[in-house]
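For reference, the structure is listed below as structure tokens.
The values are calculated or read from the model by the stated rules, or taken from the named source; none is laboratory data. Quick caveat, the model's predicted, so the values are computed rather than measured. Positions of Cβ are backbone-derived with ideal geometry, glycine not excepted, and every protein chain shown enters the neighbour counts. Areas reflect the complete protein model, heavy atoms only, side chains present, ligands, DNA and RNA absent. Shrake-Rupley method; radii C 1.70, N 1.55, O 1.52, S 1.80 Å.
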Amino acid sequence: MKTKILYCILLTAGLYACSETPIGQTPTDKVAPSSLSNVVITPTNGGAYITYTLPNEDDISYVKCEFTYGGNKRTVRSSIYKNYMEVDGLGEPEEIELKIMVVDHSENASKPYIGKFTPLDPPMTAILNSLTVEPTFGGVVINWENPAKAMVGISILSANDNGELELKDIIFSSLPAGSKRLRGYNTQKRLFALSISDKYENLSDTFKIEIEPYYEVMLDKSLFHNPALAGDNTSVNDNRPLEKIWDGVLDDPDKYHGWHTDAAAGFTIPQHFTIDLGTMAQLTHVIIFQRGEIYPYAQHNLRLFDIWGTDELMHPRDDAAYFDSNEWKKDWTLLAQCEVVKPSGMPPGTNTPEDMAAHNAGFDFDFRQDVPKMRYIRFEVHDTWAHTPAMHMAELSVYGDDR
């Protein structure tokens, strides 16, 4: 008898163990909610903005919109705490049929509202139509507008010496406008191509253009020297003079290699330093490489500075009354007002991969082009990352036409 009772208990337990446990909310009824009313579909760039009035019922969970695009079914959901939803990511201005339903807590769907619309041109089209590619020194400058502020990827390609297109860069941006320079090319006519993609993997047509870049070279650093003008911060920390920024060495595995002034030397802001380029040139741009190690966007690295230029020194190098005041600016030309921008905006000490990529590439600043050839450039430093009366830098390269 005891054996029979035990067998029954085990059999009952087994039946319970094998039964399928419901997952999720158990439906409470099969009554569908009422439909939406006052539905208005307004086409937007690559989509639509839809407004509506929800039924005045308590048993409502969300609003669901279904449509087919590119052969694929897509669904958009919206909370009951909103009276609108947005459809986006449509890469072609083709007519779309929408089915919009109210769904209750039991997953019952209302009778659908069926409407049609044709989206406006997608954001990629506006960007593509706004693209301009113009020749510049050693390359091209690319500008575009993104009025919808859509997140897109802009692929930039250029032809190699064999005429084959190669990917040079992909820029991801949602800013309303943007600009990119490609450098390092000779003056031969070259094909450049651009295409745009979005997060939905829509791809634009390819924009192609042939450009002849203007002549430009990196100036010969062996000709550079420090004229040490009165008022320049000529102090030196740990045997690292200004000449270190044009010796072609960015990093030393054993020790920081670049230039470093003495923070205790008594100089005040703004600080100055000057470079004799050793040749006359139509200057085009400068690239500076800040001190690395643990110091990117920190300590004495330059943050805000102006660069001035002149073809000759109008006063003796030791004329303190002239160089310590602003009198020297009457004989020099302002070439660039510069700010080293940290892409992430994070405080010093916290650097994202994007920050480090910008740091490793160097910071590129264009010179104005409506001025004659120059031989001397003078930096007027208004701020460092630690707001200090000292400066350091790893390397500097100056570019121009020295013919």
Note down all Cβ pairs under 9 Å where the first residue falls in the stretch 221-240 and is within 15 Å of E395 (Cα to Cα) and assigned to a loop (DSSP other than H, G, I, E, B), the second is open to solvent by less than 70 Å² (accessible area, probe 1.4 Å) and aliphatic (A, V, I, L, M), and they're at least six residues apart or on different chains.
F224/I245; F224/I275; F224/L277; F224/L396; F224/V398; N226/L242; N226/I275
I'd like to know if the stretch 288-306 contains one or more residues that are open to solvent by less than 20 Å² (accessible area, probe 1.4 Å), among the hydroxyl-bearing types (S, T, Y) and at positive phi.
yes
Specify the residue that is nearest to the chain's Cα centre (by Cα); the eligible residues are those in the stretch 181-192 that are part of a strand (DSSP E or B) and surrounded by fewer than 18 Cβ atoms within 10 Å (Cβ to Cβ).
R181
Looking at the stretch 351-386, which of its residues are at pLDDT below 95 and either among the hydroxyl-bearing types (S, T, Y) or at positive phi (or both)?
T352, G362
May I ask you to say which residue of I114, I41 is at pLDDT 95 or above, over 25 Å from S204 (Cα atoms) and touching a Gly at 6+ places or on another chain (Cβ under 9 Å)?
I41
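For every residue, the table says whether it meets (1) under 25 Å from E354 (Cβ atoms); (2) hydrophobic (A, V, I, L, M, F, W, C); (3) modelled with pLDDT of 95 or more.
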{"residue": "I100", "(1), (2), (3)": "no, yes, yes"}
{"residue": "A150", "(1), (2), (3)": "yes, yes, no"}
{"residue": "D161", "(1), (2), (3)": "no, no, no"}
{"residue": "P176", "(1), (2), (3)": "yes, no, no"}
{"residue": "G184", "(1), (2), (3)": "yes, no, no"}
Against the definition (touching a residue at least 12 places away in the same chain (Cβ under 8 Å) and not in a strand (DSSP E or B)), how does G163 come out, yes or no?
yes
I'm trying to understand the selection: among the residues of the stretch 204-222, which are open to solvent by 50 Å² or more (accessible area, probe 1.4 Å), over 20 Å from N160 (Cα atoms) and either among the β-branched types (V, I, T) or touching a Phe, Trp or Tyr at 6+ places or on another chain (Cβ under 9 Å) (or both)?
M218, S222
Among M280, M314, M356, M346, the single one that is touching a residue at least 12 places away in the same chain (Cβ under 8 Å), within 19 Å of W385 (Cβ to Cβ) and open to solvent by 20 Å² or more (accessible area, probe 1.4 Å) is M356
Checklist (1) open to solvent by 40 Å² or more (accessible area, probe 1.4 Å); (2) of a type in the set (A, V, I, L, M, F, W, C); (3) touching a residue at least 60 places away in the same chain (Cβ under 8 Å); (4) under 30 Å from I171 (Cα atoms) applied to A320, failing item:
(4)
